[in-house]
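Step one of this worksheet: look at the structure below.
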Amino acid sequence: MLSVPEARAAILAALAPRPATRVPLAEACGRCLSEPAVATVDSPPFAKAKMDGYATNAAECGSSHVTLTVVEEIPAGAVPTRSVGPGECAKIMTGAPLPDGADVVIPVECSERIVDRVSLSPPPAVRPGSCVMARGAAVRWGETLIAAGEPLTPAAIGLLAEHGFDPVAVTPKLRVAVLSTGDEVVPASLPPGPGQIRDANGPLLCAAIAAAGALPLPLGLAGDDRDALTAKVRDGLNADVLLISGGVSMGDYDLVPGVLADCGVRRVFHKINVKPGKPLWFGVTENDRGPTAVFGLPGNPVSSLTGFELFVRPALRRLGGWSDCEPAPLSATLTEAIANRGDRPLYRPVRLTDGPAGLSAEPVRWAGSGDLRGAADANGAALIPSESQLAAGDRVDAIRWAGCG
Ligand SMILES: Nc1nc2c(c(=O)[nH]1)N[C@H]1C(S)=C(S)[C@@H](COP(=O)(O)OP(=O)(O)OC[C@H]3O[C@@H](n4cnc5c(N)ncnc54)[C@H](O)[C@@H]3O)O[C@H]1N2
Ligand code: MOO
């Protein structure tokens, strides 16, 4: 059986970033540029006033009182029509270009206007550049703004806008189909009959997909019937990724691996040495739309969630062109003793909290891979090695789940 790192490496090796698409900049947040963005202008493009006030030369500001002639007014958006010489200044608004001859702005609070002259009380130690943002202080033309493979943040979107990247070439928003299986499962909106349960995995996985910045495509439910399951799977293979929950283990009705093989999905691996999530199945297939990555996630809801965080999210990052696809490695201090008597490494739901002594991991009450109550109290998982007994204060590796603070 593959270890977690081996399984993740096999997934990342089997997948490649999707080809770029041009989208309006407003739709690009969270996605990756397909090539680096290079500055098209200096920023700011001209030396500009950082305060409303009077632009003049620092040489005029040597004494605590100085009276200057106001030669013009420069609102933001206007261009100075003349330079300022000795004994002169220009009234200027925040964001307006400095006139030639000026290298400081004295804030309006330090001034008293007398018709076309102004009496300034410059703050002590005014130096050239005071209250001025120099041309190119933030960015120089031609420098790399954002590398390919970095997910775009709101600030990055603003930076791209500043340099005219609209529309912008990014990896496409991934479409992720979600199918829940099992005769016992009914939609969450309906009352379950005897022996039945509501579908928790469909809504859980759709929420995790959305939190990962992809587009969930809910396919609903398929019972333990080979033909019905095959029809739904074929539908799901039109997406970039298909997630199927349930039916991947050893039971007589665990039809998923067989149906996927019938549908031409090439198995990369089945089963991982981890708890929860051991029976996870992963494969890929090619069709008219390009490759589809297929995950058979174990039916227990916390197994599906763990499988998503450990394997599906990195796969989405890989397809989305991220340069770093691995879950962020965290190290936390256990707040209480915890044992793993099993023979598989355990990703134990915990509450991760930042404190003065660093990150702590508090095990939540948890009854195992069917216990969503415990998982909902957690915001991540701590890795407890197989057959180990850890004490309060021991350090553990941890991961944070998406969408949890
Ligand atoms: N003989 C063996 N039995 C099992 C093994 C094994 O190695 N040998 N592995 C166990 C492990 S570990 C897990 S995890 C489960 C996963 O099995 P399946 O993926 O086949 O899932 P199901 O049997 O369909 O369901 C398991 C469990 O989860 C419930 N479930 C299923 N779908 C949903 C849903 N959409 N929402 C909420 N709950 C769901 C289902 O009713 C079962 O209780 O197999 C073990 N068995
Ligand atoms: O690995 Mo299963 O996922 O124990 O619950």
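The values are calculated or read from the model by the stated rules, or taken from the named source; none is laboratory data. Just so it is clear, the model here is predicted, and its values are computed rather than measured. No Cβ is skipped: glycine too gets one built from the backbone with ideal geometry, and neighbour counts run over all protein chains shown.
With the requirement that a residue be hydrophobic (A, V, I, L, M, F, W, C) and either in contact (Cβ under 8 Å) with a residue 40 or more places away in the chain or in a loop (DSSP other than H, G, I, E, B) (or both), what does the range 344-372 give you?
Leu346, Val350, Leu352, Ala357, Val364, Trp366, Ala367, Leu372
Just one of the listed residues (Pro19, Pro5, Pro45, Pro24) is surrounded by fewer than 18 Cβ atoms within 10 Å (Cβ to Cβ), under 17 Å from Ala155 (Cα atoms) and not small (Gly, Ala, Ser), namely Pro24. Within the range 63-82, the set of residues being within 18 Å of Arg117 (Cβ to Cβ) and surrounded by fewer than 19 Cβ atoms within 10 Å (Cβ to Cβ) comprises Ser63, Ser64, His65, Val66, Thr67, Thr69, Glu72, Glu73, Arg82. Residue under question is Gly202, and the condition is that it be small (Gly, Ala, Ser) and either on the phi > 0 side of the Ramachandran plot or more than 9 Å from ligand 1 (Cβ to nearest atom) (or both); does it hold? Answer is no for this residue. Take the conditions (1) modelled with pLDDT under 95; (2) within 16 Å of ligand 2 (Cβ to nearest atom); (3) in contact with a helix residue (DSSP H, G or I) (Cβ under 9 Å, 6 or more places away or on another chain); (4) not polar (S, T, N, Q); Leu255 misses just one of them, which is (2).
If the condition is being under 46 Å from the mean Cα position of the chain (by Cα) and outside any strand (DSSP E or B), then the range 105-121 contributes Val108, Glu109, Cys110. Could you tell me which residue of the range 313-343 is modelled with the highest pLDDT, considering only residues that are part of a loop (DSSP other than H, G, I, E, B) and of a type in the set (A, V, I, L, M)? So, considering only residues that are part of a loop (DSSP other than H, G, I, E, B) and of a type in the set (A, V, I, L, M), the one modelled with the highest pLDDT is Ala337.
For (1) within 12 Å of ligand 2 (Cβ to nearest atom); (2) over 28 Å from Glu184 (Cα atoms), each residue gets a yes or a no:
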site	(1), (2)
Ile244	no, no
Gly247	no, no
Pro279	yes, no
Gly283	no, no
Gly290	no, yes
Ser304	yes, no
Glu309	no, no
Cys325	no, yes
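Mind listing just one residue for me: the one in the range 251-265 that is within 36 Å of the chain's Cα centre (by Cα) and surrounded by fewer than 16 Cβ atoms within 10 Å (Cβ to Cβ) and, of those, farthest from ligand 1 (Cβ to nearest atom)? The selected residue is Gly264.
Within the range 266-290, being touching a residue at least 40 places away in the same chain (Cβ under 8 Å) and surrounded by 23 or more Cβ atoms within 10 Å (Cβ to Cβ) holds for Ile272, Val274, Pro276, Gly277, Leu280, Phe282. Among residues of the range 130-150 that are in contact (Cβ under 8 Å) with a residue 24 or more places away in the chain and within 26 Å of Gly321 (Cβ to Cβ), those with a Cβ under 8 angstrom from a residue that is surrounded by 15 or more Cβ atoms within 10 Å (Cβ to Cβ) and of a type in the set (Phe, Trp, Tyr), sequence gap 6+ or separate chain, pair up as Gly149/Trp322; Glu150/Trp322. Residues of the range 88-116 that are in contact with a strand residue (DSSP E or B) (Cβ under 6 Å, 6 or more places away or on another chain), farther than 15 Å from Lys50 by Cα and surrounded by 13 or more Cβ atoms within 10 Å (Cβ to Cβ): Glu88, Cys89, Ser111.
Candidates Ala392, Ala375: the one that is assigned to a helix (DSSP H, G or I), touching a residue at least 40 places away in the same chain (Cβ under 8 Å) and either over 17 Å from Leu310 (Cα atoms) or not basic (Lys, Arg) (or both) is Ala375.
If I ask for residues that are over 21 Å from Trp401 (Cβ atoms) and assigned to a loop (DSSP other than H, G, I, E, B), which ones from the range 280-312 would you list? Talk me through it step by step, then tell me what you get.
Here is the first cut: in the range 280-312, the residues over 21 Å from Trp401 (Cβ atoms) are 281, 283-292, 294.
Residues satisfying the conditions are Asp288, Arg289.
Scanning the range 128-149 for residues that are in contact with an Asp or Glu (Cβ under 9 Å, 6 or more places away or on another chain) and either closer than 17 Å to Asp52 by Cα or not in a strand (DSSP E or B) (or both) yields Pro128, Gly129, Ser130, Val132, Arg135, Gly136, Ala137, Ala138, Arg140, Trp141, Ala148, Gly149. Taking every residue in the range 181-194 that is at positive phi and pairing it with any residue that is not in a strand (DSSP E or B), at least 6 positions away or on another chain, the pairs with Cβ-Cβ distances below 7 Å are Gly182/Asp224; Gly182/Gly246; Gly182/Gly247; Gly182/Gly299.
Can you find a residue in the range 356-366 that is within 16 Å of ligand 1 (Cβ to nearest atom), at pLDDT 95 or above, within 23 Å of Pro5 (Cα to Cα) and not aromatic (Phe, Trp, Tyr)? Scanning the range 356-366 turns up no residue that is within 16 Å of ligand 1 (Cβ to nearest atom), at pLDDT 95 or above, within 23 Å of Pro5 (Cα to Cα) and not aromatic (Phe, Trp, Tyr).
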